[in-house]
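Heads up, the thing below is written out as structure tokens.
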Amino acid sequence: MLAQSALLVGERVRLAALDAEKDAAAIAAWSHNDELLRLLDTDPARMRTAAQTRQDTEELQGKEQPKDSCYLFLIRALAGDRPLGLIDLAIPEWPHRDGWIGIGLGDRADWGQGYGTDAMRVLLRFAFTELTLQRVSLTVFGYNPRAIRSYEKAGFVVEGAQRERLRREGRRWDMVLMGLLREEWERVNTDALTTR
């Protein structure tokens, strides 16, 4: 494993650069988990091949974007360095210091093991200490109470909902908006501030 700054390392995971060639097969395999796809996106579930995933990743990494507007990381387990999932932080408007987070663990066997919570803690530390953001936001589907609890453990607060935003299996579901302010994060993470 390559040496890495403690900034992107947690207790169980590390956040790593995404390698389109090396990581495409694992990411494509995750797209065959329809439960995961329904937790990540409002789009219909769509399976991808390794070649399609590699092409998508290369296009995303090659896109002309404002400098530092999107940070995409592969979540890797510290034990064994295996890929676990993806996490990203998008900053659409730097003057407002507001970022949007997306996260997903690919293999259902890794859910509920603390990997996602640890990855979120690492990304929040990066967002608030390295990028000095004022707030981070995310959306989560109302039918995913496990994720809502995990985000609340990380300090996020429910700020509202788009009522009946999604239709899944003949039922309407809310899209829940959650946010975390820098001051809220600092109150419970003083150790992360004193080590920087």
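Taking the options Val157, Val136, Val122, name whichever one is touching a residue at least 24 places away in the same chain (Cβ under 8 Å) and surrounded by fewer than 15 Cβ atoms within 10 Å (Cβ to Cβ).
Val157
For the range 98-138, name all the residues that are of a type in the set (Ser, Thr, Tyr) and more than 22 Å from Ile27 (Cα to Cα).
Thr129, Thr132, Ser137
Sort through Thr117, Thr129 and tell me the only one that's surrounded by 13 or more Cβ atoms within 10 Å (Cβ to Cβ) and within 15 Å of the chain's Cα centre (by Cα).
Only one candidate passes the filter, namely Thr117.
Arg14 passes all but one of (1) exposed (fewer than 12 other Cβ atoms within 10 Å of the Cβ); (2) at pLDDT 70 or above; which number fails?
Here Arg14 meets the rest and fails (1).
Is the range 173-189 home to any residue that is modelled with pLDDT under 90 and part of a strand (DSSP E or B)?
no
Considering (1) part of a loop (DSSP other than H, G, I, E, B); (2) among the aliphatic types (A, V, I, L, M); (3) modelled with pLDDT of 70 or more, say which one Ala3 fails and leave the rest.
Going through (1) part of a loop (DSSP other than H, G, I, E, B); (2) among the aliphatic types (A, V, I, L, M); (3) modelled with pLDDT of 70 or more one by one, Ala3 breaks only (3).
Could you list, in sequence order, all residues of the range 132-148 that are within 18 Å of Trp185 (Cβ to Cβ) and not hydrophobic (A, V, I, L, M, F, W, C)?
Thr132, Gln134, Arg135, Ser137
Give the range 134-164 a look and list any residue that's in a strand (DSSP E or B), under 21 Å from the mean Cα position of the chain (by Cα) and not hydroxyl-bearing (Ser, Thr, Tyr), or say none.
Across the range 134-164, the qualifying residues are Arg135, Val136, Leu138, Val140, Phe141, Val157, Val158, Glu159, Gly160, Ala161, Gln162.
The values are calculated or read from the model by the stated rules, or taken from the named source; none is laboratory data. Fair warning: this is a prediction, and the values are worked out from it, not measured in the lab. Note that each Cβ is placed from the backbone with ideal geometry, even for glycine, and that neighbours are counted across all protein chains shown.
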